[in-house]
Structure formats: structure tokens, C-alpha cells
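Input: a single structure, listed below in C-alpha cells.
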Amino acid sequence: MPLLKNISTLYVCPDEGDQSDIRPVHDAVISWKEGVIEWAGPKSEFPGREDEYEVLNAGGRIVIPGLVDCHTHLAFGGWRPDEFEMRVQGKSYLEISRSGGGILSTVKETRSSHENELYKKASGLLDKINRSGTTTIECKSGYGLSLKDEIKTLRVYDRLRFNNKAHIISTFLGAHTVPPEFQDQRESYIRLLTDDIIPRVGEEKLAKFCDVFVEESAFSVDEARQILETGKQYGMRPKVHADQLSSGGGAELAAETGAISADHLEKVSDTGIRMMAESGVVAVTLPFASLYTQESFLDCRKLIDEGVQVAVATDFNPGSAPCYDLPLAMMLACNQSRLTPAQALKGATIYGAKAIGMESSTGSLEKGKSADFLVIDVPSVNFWMYQFAPDRKMEVFLKGECIRS
Ligand code: NIG
Ligand code: FE
């Protein structure tokens, strides 16, 4: 059984206390057995005998839980660097979508990609994502927008889960936008979703959550409600892409439908924030999406003050967030969304896990949870966030196994 000793500070990040309460433990050790944490806490209280363990030395570095990226669109065909250039030159994300770019251009490339091709690309990305510190990841469909192509994408996630150590959670996002062949008959697409695609995804247990993009350019609150309620009937709890580009009642809908999270929220209303707090909906802030669409960032401190738990995720996708580095997103959330480093850490660990219903097995360093943790060569979490360094020495343990040293 392995025992990691000589940890200067271990940050437990329990689902207790407030968002700042990351429970630092000084001079700590952690032991695990068959990929599951057996003990994590101060060396002085460790109940075992060192000579019974395979002892590893953290060399005075810090240990944090493996990161949880609770919002990504991992599998897609192609990339969209030209749109990046257009946005930098002044075209808005919506203008680009209206002229046939945006989500629809990725839909075209995803539809024309074979499942194996999508799998190979997503698998290569996942390896890099794991090496950057993310050990649990949520992955959405939503670039297929037909029965065949949505299922193809969700199968890719099933295969990744089967072949990879990382914890992978799938979300069905058939309501990402209305596909081109239904442009003038959106009700027919919604019927296709509620009568065919959602039942099939539910019956084949291809996704744990059902997400909708609530936005003028995508789905209205009433349309989204119908889709989310159908998802619930098939065992998928709601999630909402809410209030990203305009304030459209997305957060309110998330609270009303019992969504596990509402994500983006740059334009959330005060009523929406209050309703989320009352219903315990986790807010997911996505700093890369704000950065790349050149929108103002979410004021996370305001949400925390109102009693909402805030998770931090990448939104990794080929359009609005082509970057998968969660520590960088955390640093942006500190600088632009008024999170302290401790709050960002809780947002990318235990609250990220809560946003995808994984808090009983990941997100904190407690007995019985998966032995997912990072050993980082910094004196503190504050220092880690303050000096973002892509070449920082970091070890990544996933289910007790070192996947990056
Ligand atoms: O989460 N907001 C909607 N969907 C994605 C963007 C997808 C894309 O641009 O391809 C998002 O930002
Ligand atoms: Fe997204």
C-alpha cells in the first residue's frame, strides 16, 4: 500500500464550511489502497506504521485534490481558428453564428467525422487534459444534432470511460442549437428531441444529464423547459447553459426545473441568483468563454455572497473556449471574477464534483474517495494561483496511479 509523506500542506477541500474553507493540513500524509484513499491528514495522527507501506516522498510540496472540470464539449470535428481571428478583428460571436459559422460549422465537421476519428481526437486531448491536472471531466454532446450523430458522440465518451482511468461523466446537449435542416421548423426539431432522441439516450443510459442552451440564438425558456422535463422522465437531471450572451431567464429555469447546475451566467439577473441560492443550484463560471467572446466576466463574489456555490470549469470547445487548462481558468476566475485562490480551488474540486453529482467519490481528499490528487511544487495555493507557470513541476495521481511525474 502506498503512503505519500512529507507533504508541506494538504488541502482537504471538504463539502463543509463556506467556499473559502479548503481545510489546509500542515505536515500531512496520505495513504491509499486499490485506488481509494485510506487516510489523509496530519502525520502526527496517522494510525498506520510506515514500514508496512510503500513510502513515497512529496519533498515538502503541497497536495490538492485532482481537479474536476464539470463543463466541457470534448468530442468534436475540426477547429475554428478563423473565427478567432474574426472576433479579434471586431466581429461578435453572434454575428459569426448568424453567418453560418459558430456551432453549426462544428456540427458539419462532427457529422462528417467517423466515430473512430472523433474517438482518436478526443482521446489524445483527454490525455493532455489529465496531464494538466484534471482527473474528473464532464463531456457534452451537442455537435451532432441528429439521432445518429448525437449517439455517435455519446458512444465516444463511453469508449473513453472504458479505456481511460479518468472519471468521465456524459451530458446530452441535443438542444445546443437548431440544426440547419430544421431552421424553418424548429418545433419539429424539438419534437425529434423529445420523442426520439431523448428516449433513446435515456434508454441506452448514454448520459447522466440533459443540458439546453437557453439563448435568443438557441432555445427559449419554454422550449428548454419542455426538453428538460422530458430528459427528467428519462432519468437525466437538468443542466442549463444560462444567461451567457443575454439575460434570458436561464438561471430561473434552472432553479424551477431542479437543475444540478446553471453554467456561464455572465448576464444572470438578481432574481436568478436568489432562486439558484434557494434551490441549491451550483453556478458554473467559465472564464475562457467570457475571455474568448470578449464578454464581461461573471462576478462570482456576488453569487457567493448571496449563498450560491460556484464551480470553475473550462467549457473546452472549438469556438468560445478552445483551451483545456483548468488551472489557467482558475487563475482567470481569481483575477476577473473576484474569487480568492482558495475559493477557486474549491470551485475546481468539490463544487465542480457537486455540479456533476460526483461529490461522494471525488473532489476532496477524504477516506473512501478516489485517490486523485496533485503534488505541486509551490509553497501554497495562493502562490500557485498568483504565479501561473505552465512548466511548473507537478505530479498527477489518478485512482492512486501516477500518470504524470
Ligand atoms: O458553452 N454556449 C454555447 N455553447 C458553447 C459554445 C460552443 C461553440 O462555440 O462551439 C459554450 O460556450
Ligand atoms: Fe458550454
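Taking 7 Å along the Cα-to-C-beta vector as the label spot, tell me the Arg200-Ser123 distance in nanometres, rounded to one decimal.
2.4
Per-residue ellipticity at 222 nm for the chain, helices alone: DSSP H runs ≥ 4 residues times -39500 (n - 2.57), over residue total, nearest 500 deg cm²/dmol? Display every interim value, and only then the final one.
Numbers: 16 runs with 143 residues, N = 405.
-10000 deg cm²/dmol, from helical runs alone.
When you have a sec, figure out the Kirkwood radius of the range 1-46 from all distinct Cα pair distances and drop it here in Å to one decimal?
Numbers: mean 1/r = 0.0898 Å⁻¹.
Taking every pair of different Cα atoms in the range 1-46, averaging 1/r and inverting gives 11.1 Å.
With a Förster radius of 51 Å, plug the Cβ-Cβ distance of Gln294 and Met1 into 1/(1 + (r/R0)^6) and report the FRET value to the nearest 0.05.
Working: r = 51 Å, r/R0 = 0.99.
With a Förster radius of 51 Å, E is 0.50.
Can you list the HN-Hα couplings for the range 381-396, worked out from phi with the Karplus curve (6.51, -1.76, 1.60; θ = phi - 60°), rounded to whole Hz and with x for Gly and Pro?
Each residue's phi maps through the Karplus curve to give 5, 4, 5, 4, 6, 5, 10, 5, 9, x, 9, 4, 5, 8, 9, 10 Hz.
Antiparallel as a % of all DSSP beta bridges within the chain, to the nearest 5?
Details: 24 of 56 bridges.
Of all bridge pairs located within the chain, approximately 45 percent are antiparallel.
Once amide H atoms are placed 1.01 Å from N in the peptide plane, what residues at a sequence separation of 5 or more from Gly248, or on another chain, have their amide H within under 5 Å of its amide H?
Amide H neighbours of Gly248: Asp243.
How large is ³J(HN,Hα), in whole Hz, for each residue of the range 287-302 in order, when computed from phi with the Karplus curve 6.51 cos²θ - 1.76 cosθ + 1.60 and θ = phi - 60°, using x for Gly and Pro?
Each residue's phi maps through the Karplus curve to give x, 5, 5, 5, 4, 6, 8, 6, 9, 6, 6, 5, 7, 5, 4, 4 Hz.
How many percent of the accessible area of the chain is carbon or sulfur, using a 1.4 Å probe? Intermediate results must be reported in sequence, preceding the final value.
Values: 7400 of 15570 Å².
Its accessible area is 48 percent carbon and sulfur atoms.
Could you sort Asp51, Asp263 by accessible area so the largest value comes first, with the probe set to 1.4 Å? Present the calculation step by step, with values, prior to reporting the outcome.
Working: Asp51 110, Asp263 0 Å².
So, going from the largest accessible area down, we get Asp51, Asp263.
How high is the relative contact order of the range 67-354, given as a whole-number percent (alpha carbon pairs under 8 Å, six or more residues apart)? Write out the running numbers ahead of the final one.
Numbers: 614 pairs, mean separation 50.5, N = 288.
Here the relative contact order equals 18 percent.
For Gly41, what residues show an amide H to amide H distance below 5 Å, using hydrogens built from the backbone and excluding near sequence neighbours?
The answer is Val29.
Taking the Cβ of Leu303 as the center, what net charge do the other residues with Cβ under 14 Å away carry, scoring Lys and Arg +1 and Asp and Glu -1?
Working: positive: Lys267, Arg274, Arg301, Lys302, Arg338, Lys346; negative: Asp18, Asp243, Asp263, Glu266, Asp270, Glu278, Asp299, Asp305, Glu306.
With Lys, Arg at +1 and Asp, Glu at -1, the neighbours total -3.
Can you work out the Karplus-derived ³J(HN,Hα) for every residue in the range 174-190? Use 6.51 cos²θ - 1.76 cosθ + 1.60 with θ = phi - 60°, whole Hz, and x for glycine or proline.
x, 9, 8, 7, 7, x, x, 5, 10, 3, 9, 9, 4, 4, 5, 5, 5
Give the value in nm², to one decimal: projected area of the alpha carbon convex hull of the range 177-327, averaged over all directions.
9.0
Please report the net charge: other residues with Cβ closer than 11 Å to the Cβ of Cys13, K and R +1, D and E -1. Kindly include the intermediate steps, with their values, before the conclusion.
Working: positive: Arg23, Lys346, Lys369; negative: Asp15, Glu16, Asp21, Glu359, Glu366.
So the environment of Cys13 carries a net charge of -2.
By average Cβ neighbour count within 10 Å, what is the ranking of 96-102, 370-376 from highest down?
Values: 96-102: 16.0, 370-376: 25.7.
With the highest mean Cβ count within 10 Å placed first, the list reads 370-376, 96-102.
Just the accessible area per residue of the chain, please: how many Å² with a 1.4 Å probe?
On the way: 15570 Å² over 405 residues.
Here the residues of the chain average 38 Å² of exposed surface.
Does the range 67-354 come out rounded, prolate or oblate, given a ≥ b ≥ c as the square roots of the eigenvalues of its C-alpha gyration tensor, rounded meaning a/c under 1.5 and, failing that, prolate meaning a/b above b/c? List each step's numbers first, then the result.
Details: a/c = 1.26, a/b = 1.16, b/c = 1.08.
Here the range 67-354 falls in the rounded category.
Among 24-36, 172-184, 80-92, how do they line up from the highest to the lowest mean number of other beta-carbon atoms within 10 Å? Could you put the intermediate results ahead of the total?
Working: 24-36: 18.2, 172-184: 20.1, 80-92: 13.8.
Averaged packing, sorted descending, gives the order 172-184, 24-36, 80-92.
The values are calculated or read from the model by the stated rules, or taken from the named source; none is laboratory data. Note that this is a predicted model, so its numbers are computed, not measured. All Cβ positions, glycine included, derive from the backbone under ideal geometry; neighbour counts span all protein chains shown. These accessible areas exclude ligands, DNA and RNA; they are computed on the full protein's heavy atoms, side chains included. Shrake-Rupley method; radii C 1.70, N 1.55, O 1.52, S 1.80 Å.
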